[in-house]
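Taking it in order: structure first as structure tokens, then the write-up.
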Amino acid sequence: MKKTEANVGMLAGLQEAHEAPEDVAVTLRQDQSDTDFSILQLADGENYALRKGNPKYKGWVEFIYESKPRDPMYVETEPDTRNVKSLLGPLPRRVQYIAPELEEGRLDVILLMCPSVCYLNADLGEEKFNSFREQLEYAMRSKGEVLVTTRPSTMEILDVRPLEGRESGFEESLNGPTAIEIEMPAAQSQRESQAFAMTAPISLAQAQAEFDKLAAQVQIPFDFLRDCCTGRAHEMCRIMQADGFQPRKVWNYGHGWAQSRKRPTLRVETDKVPEGFVKWSYHVAPIIPVRLSDGTIEEMVMDPSLFMKPVTIDDWVAKQEDLTPEHRKKTATYVWFDYLNGETLTDSRFTITYGQFRSHRAALNDEQN
């Protein structure tokens with residue numbers, strides 16, 4: 001059986017085949033005259049061929065150029081070759097829940113700030129499966145982080161490993177103050193409602209113009225619906241604030257969020273995935289007060305991942321097909337909010353958000369090309 005190899009390493013460089021040392025290029029050529037590839041170099045000394053005829057090539061190069069030297073890369077090769085098949089961006093992840101046992105050959109895993117259920121596949125083999133499971137369980141117990149790579153089309157966990165000095169992205173240090181804050185929901189709601197009352201509403205025409213601007217932001221992966229809503233909402237709020245608006249966020253939690261397994265009970269029909277729908281535990285998007293034609297003021301949701309225009313919160317929630325959800329309005333400051341315990345997480349430097357974008361644009365390239 002032909003073997004597919006996978007590796008996770010840090011970027012060292014990208015080089016054209018004809019410019020590479022002969023001892024490197026010769027190991028990657030398909031024949032003596034072959035130069036139609038670029039060479040991906042990792043810090044561990046491994047070299048891989050990026051075939052220019054591969055439809056993923058353009059996205060791979062963009063992914064590499066936007067990566068920093070210490071950014072991790074997951075490289076998967078075609079069987080028995082050094083030709084890259086998949087190039088993905090692992091992310092630092094915290095673990096919220098791990099199923100106690102396998103069901104139909106998979107072990108469900110809930111990762112912080114990932115609305116879809118991820119899973120470990122028993123087909124990984126006993127040694128790798130147990131290693132990944134142990135690292136995830138330790139991260140959950142210690143409230144720490146691990147570096148996780150998932151298959152974009154299925155959310156199967158492909159690799160788990162320690163951060164090993166890589167930047168976590170979360171705005172905290174092991175010995176310093178934490179950016180996760182717990183505050184009584186009633187106090188939060190009262191303060192934020194007072195702030196909203198001071199926010200001047202905009203016209204529906206202004207809201208549509210801003211919506212169109214947001215939808216045109218190429219850095220935001222609106223089509224990656226399996227994940228990334230926290231990052232999308234955070235970046236859209238930043239843009240809206242730069243344009244002089246005062247957005248908040250609306251969080252919608254499926255009724256399964258309150259269950260111990262945090263079962264995904266939101267469901268959205270979409271042509272952006274082969275299955276025709278996605279299932280989430282929660283979803284989030286920006287909101288802005290809008291004065292309608294009859295003079296009333298309504299908070300409208302700005303969500304280009306699901307709509308072509310601003311919509312009411314009721315319409316946005318209804319799109320997610322859960323009859324008994326819980327939705328909450330929250331300040332734009334927080335990239336994460338859990339209504340059950342009041343937990344919030346900040347990302348003022350946008351390290352988490354832009355890390356998500358890098359990873360999820362690579363995921364889209366892998367899934368769509």
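The values are calculated or read from the model by the stated rules, or taken from the named source; none is laboratory data. Please read all numbers here as calculations on a predicted model, not as lab measurements. Because the Cβ atoms are built from the backbone with ideal geometry, glycine has one as well, and the counts that use them run over all protein chains shown.
What the table shows:
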| item | result |
| --- | --- |
| Condition met for Trp316 (of a type in the set (A, V, I, L, M, F, W, C), more than 23 Å from Pro90 (Cα to Cα) and either at pLDDT below 95 or not in a loop (DSSP other than H, G, I, E, B) (or both)) | yes |
| The one condition in (1) exposed (fewer than 13 other Cβ atoms within 10 Å of the Cβ); (2) modelled with pLDDT of 95 or more that Glu76 fails to fulfil | (1) |
| Boolean, Gln217 is out of contact with any Gly (no Cβ under 6 Å at 6 or more places or on another chain), surrounded by fewer than 23 Cβ atoms within 10 Å (Cβ to Cβ) and either of a type in the set (A, V, I, L, M, F, W, C) or free of Cβ contacts under 8 Å to residues at least 24 places away in the same chain (or both) | yes |
| Test: residue in segment 300-310 that is of a type in the set (D, E, K, R), under 26 Å from Gly59 (Cβ atoms) and not assigned by TED's automatic domain parsing to the domain that holds Met140 | yes |
| Single unsatisfied condition, Asp34 versus (1) at pLDDT 95 or above; (2) more than 21 Å from the chain's Cα centre (by Cα) | (1) |
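Every residue, every condition in (1) more than 30 Å from Arg261 (Cα to Cα); (2) not aliphatic (A, V, I, L, M); (3) not in a strand (DSSP E or B), yes or no:
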position	(1), (2), (3)
Val24	yes, no, yes
Arg29	yes, yes, yes
Asp44	yes, yes, yes
Trp60	yes, yes, yes
Pro69	yes, yes, yes
Val84	yes, no, no
